[in-house]
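First up is the structure itself, then whatever we jot down about it.
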Amino acid sequence: MLTIGPHEFQSRLLLGTGKFLDFNVQREAVSVSGTQILTFAVRRMNIYEPSQPNFLEMIDVKRFTLLPNTAGARTAEEAVRIARLAKASGLCDMIKVEVIGDMKTLLPDPIETLRASEMLLEEGFIVLPYTSDDVLLAKRLQELGVHAVMPGASPIGSGQGIVNPLNLSLIIEQSTVPVIVDAGIGTPSDAAIAMELGADGVLLNSAVSGAKDPVKMALAMKLAIEAGRLGYEAGRIPKKRCGAASSPLEGISVT
Amino acid sequence: MPDLIINGDFVRVPESVKTVTNLLAHLGLDRQVVVVEINRNILGKNEHKDKEVRNGDRIELVHFVGGG
């Protein structure tokens, strides 16, 4: 069970809704992924094309918890405004704080992220900041009272997987709130490793939407996250430098 | 004819558009999830019906799109 603020989830996969080429494929991918949390961005409507298709209108919104992001914000103030707009929809109380500080790497601005999180907590949001994998930043966010921390595995959309497993482990070990590994996941094994490290969940988008077969990849991610979680709960064996036989060394029948 | 600035564009709407609800219907956006901000004030959904739109209002109409 994944608990974020007042919300409880069976699934530990949070799925982004960006960059899918086909709404029907997307709907099927969402369905097989088993996800209960969908992320969205807030953008201006095209007022000249009122019938423009919108994924949100193609799904049963009540079956999912919506996690809008503040993508596009460069400052804490901009992030707060986007969060308020999202909340005014009446569809959600959670917000993914995403304040990008550099358009080349898309890495989050730690200071603006911290400021935005503090301001949004004061306004009563359920706050999930997307952060770098800085251990102390995660701690400071947690001390503010955020409801989960979401360190990146590697830059958004890079598919590089977990570039700093040590930092992620340290964040997870110290954390008193759920840790959701967000961004940079490329393969099911990346997601499984995040879960084996003890993450409470994984948020991914491009790895599924950009896959040759997004539906199959959505299922692969679901299974990988479940496998990784089970492995973490089961507890891995210690690594040894030499072999340790699985079969008995006595009673060998030789002629 | 009121002139509005909607999402950064000048838009002329008929006199019959008195409220936000009228405006959304006029634009054909009344069946979608849409959040309205007028002159930097964000409206709750329940405010659309009574909130008047006036000449020169700066209006933002936003919605949820795909994102990660």
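So, in segment A:107-128, exactly how many residues are open to solvent by 20 Å² or more (accessible area, probe 1.4 Å) and of a type in the set (A, V, I, L, M, F, W, C)?
Going residue by residue through segment A:107-128, those that are open to solvent by 20 Å² or more (accessible area, probe 1.4 Å) are A:107, A:109-112, A:114-115, A:118-119, A:121-124.
Retained after the next criterion (residues that are of a type in the set (A, V, I, L, M, F, W, C)): A:107, A:111, A:114, A:119, A:121.
Summing the residues that are open to solvent by 20 Å² or more (accessible area, probe 1.4 Å) and of a type in the set (A, V, I, L, M, F, W, C) in segment A:107-128 gives 5.
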Quiz item: So, of the residues in segment A:210-236 that are farther than 9 Å from residue A:29 by Cβ and in contact with an Asp or Glu (Cβ under 9 Å, 6 or more places away or on another chain), which turns out to be most open to solvent (accessible area, probe 1.4 Å)?
Solution: A:236
Exercise. Determine whether residue A:28 is open to solvent by less than 20 Å² (accessible area, probe 1.4 Å) and more than 7 Å from chain B (Cβ to nearest Cβ).
Key: no
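If you check residue A:77 against the conditions, is it outside any loop (DSSP other than H, G, I, E, B) and surrounded by fewer than 21 Cβ atoms within 10 Å (Cβ to Cβ)?
So residue A:77 fits the description; yes.
Matching residues to (1) away from chain B (no Cβ under 11 Å); (2) in contact with an Asp or Glu (Cβ under 8 Å, 6 or more places away or on another chain); (3) modelled with pLDDT of 95 or more:
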residue: A:60; (1), (2), (3): yes, no, no
residue: A:73; (1), (2), (3): yes, yes, yes
residue: A:79; (1), (2), (3): yes, yes, yes
residue: A:84; (1), (2), (3): no, yes, yes
residue: A:90; (1), (2), (3): no, no, no
residue: A:112; (1), (2), (3): yes, no, yes
residue: A:120; (1), (2), (3): yes, no, yes
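Name the single residue that is nearest to the chain's Cα centre (by Cα) among those in segment A:129-161 being among the acidic types (Asp, Glu) and surrounded by fewer than 20 Cβ atoms within 10 Å (Cβ to Cβ). Don't jump to the end; show me each part of the working.
Looking only at segment A:129-161, we keep the residues that are among the acidic types (Asp, Glu), and these are A:133-134, A:143.
From what is left, the residues that are surrounded by fewer than 20 Cβ atoms within 10 Å (Cβ to Cβ) are A:134, A:143.
On the way: A:134: 16, A:143: 20 Å.
Ranking the candidates gives A:134 first.
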Exercise. Of the conditions (1) touching a Phe, Trp or Tyr at 6+ places or on another chain (Cβ under 9 Å); (2) over 25 Å from residue A:179 (Cα atoms); (3) open to solvent by 60 Å² or more (accessible area, probe 1.4 Å), residue A:1 clears all except one; give me its number.
Key: (2)
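Checking the condition under 21 Å from residue A:7 (Cβ atoms) and without any contact (Cβ under 8 Å) to a residue 60 or more places away in the chain, which residue from A:194, A:148 passes? Quick ask: steps written out before the conclusion?
Numbers: A:148 fails: without any contact (Cβ under 8 Å) to a residue 60 or more places away in the chain.
After ruling out the rest, the residue left standing is A:194.
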Exercise. Within segment A:92-104, track down each residue that is open to solvent by 10 Å² or more (accessible area, probe 1.4 Å), away from chain B (no Cβ under 13 Å) and within 22 Å of residue A:14 (Cβ to Cβ).
Key: A:93
Quiz item: Only one residue in A:5, A:16, A:34 is facing another protein chain (nearest Cβ under 9 Å) and touching a residue at least 24 places away in the same chain (Cβ under 8 Å). Which one?
Solution: A:16
Self-check item: Filtered residue count, segment B:1-55, keeping only those that are over 11 Å from the mean Cα position of the chain (by Cα), under 20 Å from residue A:41 (Cα atoms) and open to solvent by less than 70 Å² (accessible area, probe 1.4 Å)
Solution: 4
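The values are calculated or read from the model by the stated rules, or taken from the named source; none is laboratory data. Everything numeric here is computed off the predicted structure, so don't read it as measured data. No Cβ is skipped: glycine too gets one built from the backbone with ideal geometry, and neighbour counts run over all protein chains shown. Heavy atoms of the whole protein, side chains included, go into the accessibility calculation; ligands, DNA and RNA do not. Shrake-Rupley method; radii C 1.70, N 1.55, O 1.52, S 1.80 Å.
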